[in-house]
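Student: Take a look at the following structure, please.
We did not get these values from a lab; they are worked out from the coordinates using the rules stated. Note that the coordinates shown come from a computational prediction; the quantities given were computed from them, not determined experimentally. So basically every Cβ, Gly included, is an ideal-geometry build from the backbone, and we count neighbours across all protein chains shown.
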Amino acid sequence: MASVTTTSTATAKTSLTNLKFDKELFKRSVLYNVKTLYRKTLEEASAQQIFQAVSYAIKDQIVENWMETQKAYEKEDPKMVYYMSMEFLMGRALGNNMINLQAYDDVKDALEELGLDLNVVEDQEPDAALGNGGLGRLAACFLDSLATLGYPAYGCGIRYRYGMFKQEIRDGYQVEVPDNWLVDGNPFELRRPEYAKTVKFGGYVTVRHENGRNFFSQEGYQSVKAIPFDMPIVGYGNGIVNTLRIWDAEAVECFSLDSFDKGDYQKAVEQQNLARNIVEVLYPNDNHYAGKELRLKQQYFFISASVQEAVAKYMRKHDDIRKFHEKVTFQLNDTHPTVAVPELMRILMDEYYLTWDEAWDVTTKTCAYTNHTIMAEALEKWPIELFSRLLPRIYQIVEEINRRFILDIQEKYNNVPGVNVQDKIRKMAIIYDGQVKMAHMAIVAGYSVNGVAQLHTEILKKQELRDFYEMFPERFNNKTNGITQRRFLLHGNPLLAKWVTDHVGSEWITDLPQIGRLKIYADDAKAQQEFMNIKYQNKVRLAKYILEHNGVEVDPRSIFDVQVKRLHEYKRQLLNILHVMYLYNELKEHPEMEFYPRTFIFGAKAAAGYRNAKLTIKLINSVADVINNDPSINGKIKVVFIENYNVSNAEIIFAAADVSEQISTASKEASGTGNMKFMLNGALTLGTMDGANVEIVEEVGEENAFIFGLSSDEVINYENHGGYNPMEIFNNDQDIRKVLMQLINGTYSHTELFRPLYNSLLNTQSTSKADTYFILKDFKSYAEAQKKVEQAYKNEAGWARSAILNVASCGKFTSDRTIQQYVDEIWHLDKVVLK
Ligand code: 26W
């Protein structure tokens, strides 16, 4: 297991973080901010205003370090990574910043002296929900680790006016409510108009022939002004502050009489509308590509601005653009930022006059690509018509990349016996069948292609990207995901964090494998007791949250069995709730049976247009309604759907979980990162051998987890042979049959409501389209694993032992380790130490 060296974090302590926190100064700063921002005293100020005043006081502390860091980067001129991502799911900033400034307890005390409760203050902050799920949160964890390890990095993204929608549950249905997260202003951001860039859309390309070569230029376009907003990314205790740069859009010119006179009135209106729409909203689709024109505009908008800025920054210090890749690397977070490839080519050729070969050399040494999913419906393909109309010059470049790549394929395979070259071209071309395939472009132009867990990378190499792996084996590598323990233990679970530190010291905060020293306490009765007490208190905290937000009372002594993640058929929330229905049937039929009380907790947002996902939410709530209100089962089962699952309530949920449900159809979940957050908080995994679950089990031992279901090989094998026939199971297993019939016989709603779910499991027309996620196939094995969970929980000492071993074994899953591997094996950056 790789352990991260943190020697430099010790030496890097500097400036303000090194100074003793001046409590009196801080209190005065808060009072002063309330006065100057709102002309109020503390007593008169609203909770939101107090949050703003406290945040500005914290930001004052950050800004000094921010300037120092950027000055050091300026002076030392290190190689930088630009992490390009459509999504950064940052959550709240205030608490995290105080944690990383190592000022959390001091601020808490100071605020108490002012009569303020820090928790209440933190709760005023809206989440920066600029992401859907795993991919966006991973980007946020990576930024935290980059700053903590002292690596020069920029996050580049979009400043969406509306982030991920807020979810309300009305009558059991999901209702999407706009998330106007900026209404009260964002105290941590800084508008930087001096770095504005112009981004061009549409028009046509002209060619000029001069000195034996062609010069291209885009004419008749519409332009949008990109204005960057910077957010500080505070490293833990090392004085480093990196930058997340997110771009806002503004019209290039407002209405002016001038343009009106010139007859450009129409164009001015259009440009203004384009600018207004472009950053309006985050697409709430996860793992599903919708092919919307506005989405491609968003992609090119933030990529063009970011690449322009990266080049401009480089050229402020250097004169040879041919060495750009020595100082800059772009990591493409899935295919969403892949227009960075032709955009960099365009700038190098059209603005710096490099030849094709020179530009290609730089580009292919700059760009690296991470794949986050094998779900076919997530693959981004743009119709040529749309792509070339919106980005005419970029399209030309893509065509040329494609033309040359096809020549490469022919050269490689033309004389190879048994290889059908046309077949290779059909499967691998970047432009084919009227579409531009973004993954193919990212692989062809990338110097690195990585998956996000061992199993996922192997599946990419052997199945999904097999032809590319065969052609470019040296590009492929694995980087198993990780999470930041600073947010998900130190901030989210202060009781457990303190307990860990009391037992093994505080090194785990920047060196998570140190948490392995807890192993010696796994069999210690006192430690087990303390651990279970802490879990209990965290369950009380969650129970309070659930009562306040859902009006449902749950018993903190019951087993908290939790599945929180985006709602998707492959993640199989349906398997979970069908099993709850089965358990309820058992209890009704055998009221005297032994049964350990269980609270099934769900949290999930469904993409607004995803029918089966939304229906599954309704089903969970309908089942909850019936079961929670059935006095005959004495509250032995409770079902709770937590509204609006997001980063900030996630912290409370992970801390309180006993059981972590990671039950995706094997092969479908690229990695999962929630699984790691649960483990870090001492929950036991109930899961399939999928994604990073495989590595979790490897670390903690199968005896400390509950593994069930088909293997990925078995799933893939069935898929390659036309699926399986769920009817057989339905006809032979009376328990399953009964549960499925309850979907359509009015037990939980009128007979037609859940029929689409029933049909998805048992399509009588065609077996190949029935139960494509193997829910019935895995049901028995899941139920057996659940039985084992119950047995295990009855043995309190045994459970505590396993839970402690989970915490102790999660060292590998820190994003610090992941980032160190990206640095060592892909980016090759040097640490910057502040003096
Ligand atoms: C174009 C629509 C779209 C939107 C989002 C396609 C694909 C995505 C993401 C790639 C989906 C996503 O978040 N994937 C998750 O990435 C995590 C971080 O690597 C993994 O842990 C999850 O397993 C994977 O589902």
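Student: Which ordering of 367, 810 is given by a fewest-first count of other beta-carbon atoms within 10 Å?
Tutor: 367, 810
Student: Do you know the relative contact order of the stretch 422-527, to the nearest whole percent, from alpha carbon pairs under 8 angstrom that are 6+ apart?
Tutor: In percent, rounded to a whole number, it is 17.
Student: Label 7 Å along Cα→Cβ of residue 22; the stretch 237-254 residues with amide nitrogen under 11 Å?
Tutor: What the label zone holds, given the 11 Å backbone N cut-off, is no residue at all.
Student: Per residue and in Å³, how big is the convex hull formed by the alpha-carbon atoms of the chain?
Tutor: Spelled out: Cα convex hull of the chain, divided by residues, is 179 Å³.
Student: Would you list which aspartates and glutamates come within 13 Å of residue 59, measuring only between C-alpha atoms, while excluding same-chain residues fewer than 8 positions from it?
Tutor: Leaving aside aspartates and glutamates fewer than 8 places away in the same chain, those within reach of residue 59 are 189, 230.
Student: Only four residue types carry charge here, +1 at the Cβ of Lys and Arg and -1 at the Cβ of Asp and Glu. Report the dipole size of the stretch 338-400 about the Cα centre in Debye, rounded to the nearest 20.
Tutor: Charge dipole of the stretch 338-400: 160 debye, to the nearest 20.
Student: Still on this structure: Give me the distance between the Cα centres of the stretch 738-790 and the stretch 278-340, rounded to whole Å.
Tutor: Comparing the Cα centres of the stretch 738-790 and the stretch 278-340, I get a distance of 43 Å.
Student: Take the Cβ-Cβ distance between residue 735 and residue 176 as r, set R0 to 45 Å, and report the resulting FRET efficiency rounded to the nearest 0.05.
Tutor: My answer for the efficiency is 0.80.
Student: State the percent of C-alpha pairs, over all pairs in the stretch 501-641, separated by a distance greater than 25 angstrom. Don't skip to the end; give the middle numbers.
Tutor: Working: 4376 of 9870 pairs.
Roughly 44 percent, once rounded to a whole number.
Student: I'd like the distance between the alpha-carbon centres of the stretch 174-240 and the stretch 807-835, rounded to an integer number of Å.
Tutor: Here the two parts' Cα centres lie 29 Å apart.
Student: Which chymotrypsin sites (Phe, Trp or Tyr not before Pro) in the stretch 337-399 sit in a loop by DSSP (not H, G, I, E or B) and have at most 14 other Cβ atoms within 10 Å of their own Cβ?
Tutor: 353
Student: Another one. Under 19 Å from a point placed 7 Å out from the Cα of residue 458 along the Cα-to-Cβ direction: which residues of the stretch 358-395 have their backbone N that close?
Tutor: 371-375
Student: Using DSSP to define loop residues, name the chymotrypsin sites (Phe, Trp or Tyr not before Pro) in the stretch 683-788 whose beta-carbon has at most 10 other beta-carbon atoms within 10 Å.
Tutor: Here no chymotrypsin sites (Phe, Trp or Tyr not before Pro) fit, given the DSSP loop and packing criteria.
Student: While we're on this one: Using the beta-carbon distance between residue 751 and residue 787 and R0 = 45 Å, what value does 1/(1 + (r/R0)^6) give for FRET efficiency, to the nearest 0.05?
Tutor: With R0 = 45 Å, the Cβ-Cβ based efficiency is 0.90.
Student: Each label point is 7 Å from the Cα along the Cα-to-Cβ direction; what then is the distance between the points at residue 611 and residue 365, in nm?
Tutor: It works out to 5.3 nm between the two label points.
Student: So what is the relative contact order for the stretch 53-178, in percent, with contacts set as C-alpha pairs under 8 Å and at least six apart?
Tutor: On the way: 126 pairs, mean separation 39.7, N = 126.
32 percent.
Student: What percent do you get for the relative contact order of the stretch 682-760 when only Cα pairs under 8 Å and 6+ apart count?
Tutor: Relative CO of the stretch 682-760 lands at 19 percent.
Student: Now for a separate question. Hey, how many Å between the Cα centroid of the stretch 513-542 and the Cα centroid of the stretch 431-465?
Tutor: 42
Student: Straight-line reach only, C-alpha to C-alpha below 15 angstrom: list the aspartates and glutamates that residue 461 could link to, leaving out same-chain residues fewer than 8 apart.
Tutor: 470, 474, 713
Student: What FRET efficiency would be calculated for the residue pair residue 46, residue 407, taking the C-beta separation as r and a Förster radius of 60 Å, to the nearest 0.05? Please list the in-between numbers first.
Tutor: On the way: r = 66 Å, r/R0 = 1.09.
My answer for the efficiency is 0.35.
Student: Would you work out the charge dipole size for the chain about its Cα centre, treating the Cβ of every Lys and Arg as +1 and the Cβ of every Asp and Glu as -1, and quote it to the nearest 20 debye?
Tutor: 700
Student: Positive end of the dipole of the chain, charges at C-beta (+1 Lys, Arg; -1 Asp, Glu), about the Cα centre: which of 516, 367, 804 has its Cα farthest in that direction?
Tutor: The one lying farthest along the dipole's positive direction is 367.
Student: Let me ask something additional. Provide the percentage of antiparallel DSSP beta bridges, counting only those with both residues in the chain; round to the nearest 5.
Tutor: Of all bridge pairs located within the chain, approximately 45 percent are antiparallel.
Student: For a quick check of your reading of the filter: which GluC sites (Glu not before Pro) in the stretch 563-634 sit in a DSSP loop and have no more than 16 other Cβ atoms within 10 Å?
Tutor: In loop regions of the stretch 563-634 (DSSP not H, G, I, E or B), the sparsely surrounded GluC sites (Glu not before Pro) are 592, 594.
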